[in-house]
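J.: Would you mind keeping the following structure in view while I ask a few things?
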Amino acid sequence: ELTTFYEQLAFHLMVILMRITKLPMQDIFRVQISAWIRSLMISEHRRKQYLVPRRSELLQVEEGFSQATIDGKRFQGAYVIDPVPGIHFEVAVLDFSSLYPSIIKTRNLSYETTNCIHPECQKNALPNTPYWGCTKKMGIFAYVVGFLRDVRVKYFKQLSGDKSIPKEDRQTAKVMASALKVFINGAYGVFGSPVFPLFCLRVAESTTAIGRFSIQSTIEKATQMGIKVLYGDSDSVFLLHPTADQVDELIKWSEKKLDLDLELEKTYQFLALSDRKKNYIGVKKGSGEVDIKGLLAKKHNTPEFIKMKFTEVQQILQSILDMDSFTLNRDKIIKIIKDTNRLIGVPPEKGGFNIEAYAINVGLKKKIKDYVKTMPQHVKAAKMLPKEEIDQLEPGDFINYVKTRSKEGVKPVTLATLVDIDHTKYKEMVKSTFEQLLDALGINYEEILGVKKLTSFFG
């Protein structure tokens, strides 16, 4: 039954992944992605009539490394620059299309081509690394990842946005593009894992090193062009109101100098950056869609009244176009959060929320009688239900409960009243939901509560 939605989309996806990985159905959903990649790589070796190297042979190539140092060695990851905190408008986000897979393909990264045996290839230095790439033959890893990357970018990704085809076909293409992205983006990492049969630290290390070089070079180029760079995040750069000609120039420069596809992913009409990395709020120009990254927003078990107020804040963010509208709407956002705290426990007839709006929904992972050593809050609440209801509960059923001031700290929502509500606990939940969002907007949560900073007492 789980495979029947969208005309058996999940089943078709499994079949396609089986074809790619050469794994049977009973394995494709049971093993990790590293096993998918291992199966595909070994299959390609056999198809090309290549010998599959022994692990010991590959370890010998890692000159100067003992098994112990290899197990302990780590390679540096992606490059993320410090954001410029504050409120910004007309911010263009340029993104490298499938950055790591593109690097693997264009730089010909594979265990047999990175630091290959040809003396003349040593002139083909890999940027930001002590290694070189082969110029005489294509590596098997570069071939496999490059093919899957091109199928994703040049076929499925384009198909997913083609409005001339049925919606179901676009959805299928979108899922395929996402699945292939997970597959190819995870591919480089397995080569840095000592337990992977084709372990080759040079490949993993070179991939991320060239990625850092590409982002750093793009930031330097943008700065030379007089564009202010607000943020850089793994495979994208945030530029403060560049012109269309400047964006076009950067894209052409990337294709020529880096051999990588750089594209304008989106433009934010409004962007709020905090001083934390990977933590921002952006409103897309045109659609008004709100991007919230690295924030504790709406989880499935968040009480409904908090979700409702969070949605109100999102709607306000969509109307921010300049600093004047931000200043006006900033006060509205503060008022919403203050009112949310003030109305906790207040009856609906006085502007508050009904008891169901406080419900926290958590699913059972096993039968009630099997919870012996540990007793999670939702299980405590479930045990307060009438016996006939408890007997009907099965793993997967959701328990709706509220946080109370009682000794147990919880009650099933069906047995609770507004008098039982633990105001402090719910105010903490409001804070955890909104605090990081407010941080990006430059609003201190303590000030919302009326707590002044020490610095406010001094001039």
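J.: Given H placed on each backbone N at 1.01 Å, which residues far from Leu230 in sequence or on other chains put an amide H within less than 5 Å of it?
T.: Long-range HN contacts for Leu230: Phe238, Leu239, Leu240.
J.: Next up: Nothing charged except the Cβ atoms of Lys and Arg (+1) and of Asp and Glu (-1): what's the magnitude of the dipole of region 98-215 about its Cα centre? Round to the nearest 20 debye.
T.: 300
J.: Taking the Cβ of Ile20 as the centre, find all other residues whose Cβ is under 15 Å away and add up their charges (Lys, Arg: +1; Asp, Glu: -1).
T.: Net of charged neighbours comes to +4.
J.: With angles folded into 0 to 90 degrees, how steeply does helix 423-440 sit against the dominant principal axis of the chain? Use alpha carbons for both and round to 10.
T.: Helix 423-440 sits roughly 40 degrees off the main axis of the chain.
J.: Any chance you could get the radius of gyration and Dmax over the Cα atoms of the chain, in Å?
T.: Cα only, the chain: 27.0, 83 Å (Rg, Dmax).
J.: Ok, one more. Distance cut-off 27 Å, Cα to Cα: go down the list Lys285/Lys425; Lys293/Lys380; Lys136/Lys221; Lys277/Lys307; Lys307/Lys411 and report the pairs above it.
T.: Lys285/Lys425; Lys293/Lys380; Lys136/Lys221, as the Cα separations exceed 27 Å there.
J.: Just to confirm the number: angle between the C-alpha axis of helix 5-21 and the first principal axis of the chain, 0 to 90 degrees, nearest 10?
T.: Approximately 30 degrees, to the nearest ten.
J.: When the expected Rg is taken as 2.2 N^0.38 Å, what fraction or multiple of it is the alpha-carbon Rg of region 155-216?
T.: 1.55
J.: Whole angstrom only: what separates the Cα centroid of region 351-370 from the Cα centroid of region 131-196?
T.: 41
J.: If you don't mind, another one. List the residues, sorted by chain then number, that are 5 or more residues from Ile399 or on another chain and whose placed amide H is less than 5 Å from its amide H.
T.: Under 5 Å from the amide H of Ile399: Val362, Gly363, Leu364.
J.: Hey, another quick one. Hey, any idea what % of region 128-212's accessible area is carbon plus sulfur with a 1.4 Å probe?
T.: With neighbouring chains kept in place, the figure for region 128-212 is 56 percent.
J.: Now for a different question. What does the net charge come to around Leu250 if you take all other residues with beta carbon closer than 14 Å to its beta carbon, with K and R at +1 and D and E at -1?
T.: For residues surrounding Leu250, the net value is -4.
J.: Along Cα→Cβ, 7 Å out, is where each label goes; now give me the distance between the ones at Ser193 and Glu90 in nm to one decimal.
T.: Each label point lies 7 Å from its Cα, and together they span 4.7 nm.
J.: Shifting gears a bit: Per-residue ellipticity at 222 nm for the chain, helices alone: DSSP H runs ≥ 4 residues times -39500 (n - 2.57), over residue total, nearest 500 deg cm²/dmol?
T.: Result for the chain: -13500 deg cm²/dmol, rounded to the nearest 500.
J.: What does the accessible area per residue of the chain come to in Å², with a 1.4 Å probe and no ligands, DNA or RNA counted?
T.: 53
J.: By how many degrees, 0 to 90 and rounded to 10, does the Cα axis of helix 244-253 deviate from the longest principal axis of the chain?
T.: Roughly 40 degrees, rounded to the nearest 10.
The values are calculated or read from the model by the stated rules, or taken from the named source; none is laboratory data. All values derive from a computational prediction rather than experimental measurement. A quick note on method: Cβ atoms are made from the backbone with ideal geometry, for glycine too, and the neighbour counts reach across all protein chains shown. For accessibility, only protein heavy atoms count, side chains too; no ligands or nucleic acids. Shrake-Rupley method; radii C 1.70, N 1.55, O 1.52, S 1.80 Å.
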